[in-house]
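The values are calculated or read from the model by the stated rules, or taken from the named source; none is laboratory data. Since we're looking at a predicted model, the values are computed, not measured. Note that we place each Cβ from the backbone using ideal geometry, even for glycine, and neighbour counts take in every protein chain shown.
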């Protein structure tokens, strides 16, 4: 179904969500269909997708119910961010050959209005980076850390999922801001990577006692915690907060696949003991300030102060299995699917 | 043991904590001893306790472990706030007859330094009120609501434990500040009381579906939630937050007697969806500003804008059983023990 004879008419492959997953995503929750490449109508543009962003948040989009954006409907193309090249444009704002980012969906070709996409300059960085450090993960790290947590020089910042797309950038920005940074990640390879990035300490939660390690590395307590994982790790960090600590709730990847519902932080009364706060945020709210975040991160990359890493897997057809890498903690840096 | 012949030498009865309670407090967790009234030493004052404040927080003080103040040691007199009269003073700051508040402990006579007590003017209010609206509960309501939550006119404020010592004042202050106020309490009598106090709505969580009632009374969502109870009620309110909502974590009375640990808010990711924050506070931090809070609350009482209610039980010897009224939701207003 996914093979094409050379020079055959191009086809548009699409992953459509056909079932609400229970627990981990399965291939059978989707239907892979192939159809003709659509023609853009008046005011529309057609984008050939180059790379897709695979994100923990996608798991939440597959569930029914109230959230910060509506769920993907059954029968709809699975939502995903992507970067690609304009093939045809019926909007004067775009020309064929322009490189754009946007919610392309898990497919070869995305059709939309010009306003649904944002033009980027492909000379600035390799395309997958526009889905990572220069895309949503970078913006999430930048605004979540600086705007929600207000880290001060000398403070202790802890980040979980620290070798992931968002976490690695959070830790590096915190270092740039003069903080002491502790990363929590699974496995010695990821921890070695964090140390190489300049983190002051890396805790391998799979092989160390997190509570002991945190007591050792954060003897005066945790001033800022950027949480990507939820679950037990959140509880342990809550038990180690410094006075007036700030926690940014960015995600809870440990909980997204629970079949019997989320587990809440049983240690949340530590907020009272430590006069601390826990705050949620959604990166889309910062859209009017993305230019600021892009400029800062691109500058730090250019100065060699921030390293961006992408984990690129080939083949649209691998989508369901590649997505699972996130939930198994197998990705290393920003997980990207090369279409 | 507690009876005295007329004109007998006065004795000092004391409740000492002898066991760390498991679940609900039992009389056998304490020893009631009776001894001679102590003599104040150099710089000390002796206070005859008139009324004791019974507070949910006392349950936490009986547990071992890190909290915002050290636990009561085994064999020590149980900690409690109280109001009483100076009997003897070896400190020029106090004279016999002065009325003072402070952490007197659960006993007839408290011995301490002058700095351990604060003089109050008994002409301003009946003495038990210095343990309620003009004491810690009043200060907790005032600073927790205004300083942590910043309620704005027209916003929807929800308070749980709304007929309790803190909750009833929180709701009344929110009304004074121009908010729409919804109280959550157990039983029709308490709810009728809230309506009488001017709350816009009162939800009887024991006899109504809280989720439905909240949807009805807060159609645009909850801007401020002042939480005294934790548990399921916290989860339901989390599911109804408005954008940029503020939650003050004041207590979690539904959880204090769990023998298998606290249950955390499984709905805490609503903080992300609603870009909301949850913040803990401890009233003692506001000690430098108590005068401001006292003046405001006394003023509102004098103007008839705020009603203070105390639930007074007679007899020091009833302490363990009277304390249980709190955890059974049987008190109505500030629970005070008349010594």
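Quick notes on this one:
- Within the range A:86-121, considering residues that are surrounded by fewer than 16 Cβ atoms within 10 Å (Cβ to Cβ) and within 29 Å of residue A:169 (Cβ to Cβ), the one nearest to the chain's Cα centre (by Cα): A:103
- The range B:218-243, residues that are within 11 Å of chain A (Cβ to nearest Cβ), part of a strand (DSSP E or B) and more than 19 Å from the chain's Cα centre (by Cα): B:241, B:243
- Residue check for residue B:246: facing chain A (nearest Cβ under 8 Å), touching a strand residue (DSSP E or B) at 6+ places or on another chain (Cβ under 9 Å) and either buried (at least 24 other Cβ atoms within 10 Å of the Cβ) or in contact (Cβ under 8 Å) with a residue 12 or more places away in the chain (or both): no
- Residue check, residue A:102 in the same structural domain as residue A:226 (by TED's automatic domain parsing) and closer than 29 Å to residue A:30 by Cβ: no
- Any chance residue B:248 is in a loop (DSSP other than H, G, I, E, B), closer than 28 Å to residue B:129 by Cβ, under 21 Å from the mean Cα position of the chain (by Cα) and not assigned by TED's automatic domain parsing to the domain that holds residue B:325: no
- Which numbered condition residue A:272 misses (of (1) within 8 Å of another protein chain (Cβ to nearest Cβ); (2) in contact with a helix residue (DSSP H, G or I) (Cβ under 9 Å, 6 or more places away or on another chain)): (2)
- Filter result (over 19 Å from residue A:63 (Cα atoms) and without any contact (Cβ under 8 Å) to a residue 60 or more places away in the chain) within the range A:218-230: A:219
- Whichever residue in the range A:275-288 is more than 7 Å from chain B (Cβ to nearest Cβ) and free of Cβ contacts under 8 Å to residues at least 60 places away in the same chain and, among such residues, is nearest to residue A:234 (Cα to Cα): A:287
- For the range B:206-213, the criterion of a residue being touching a helix residue (DSSP H, G or I) at 6+ places or on another chain (Cβ under 6 Å) and part of a strand (DSSP E or B) is satisfied by no position.
- Candidate set: the range B:195-205, residues that are surrounded by fewer than 24 Cβ atoms within 10 Å (Cβ to Cβ) and touching a helix residue (DSSP H, G or I) at 6+ places or on another chain (Cβ under 9 Å); chosen: the one farthest from the other protein chains (Cβ to nearest Cβ): B:198
- Selection within the range A:175-193 - in a helix (DSSP H, G or I) and under 23 Å from residue A:57 (Cα atoms): A:190
- Elements of type helices (runs of 4 or more DSSP H) in the range B:262-339, at least 3 residues being under 18 Å from the mean Cα position of the chain (by Cα): B:290-302, B:319-327
- Of all the listed residues (B:64, B:76), the sole one being modelled with pLDDT of 95 or more, assigned by TED's automatic domain parsing to the domain that holds residue B:317, surrounded by fewer than 17 Cβ atoms within 10 Å (Cβ to Cβ) and within 24 Å of residue B:18 (Cβ to Cβ) is B:76.
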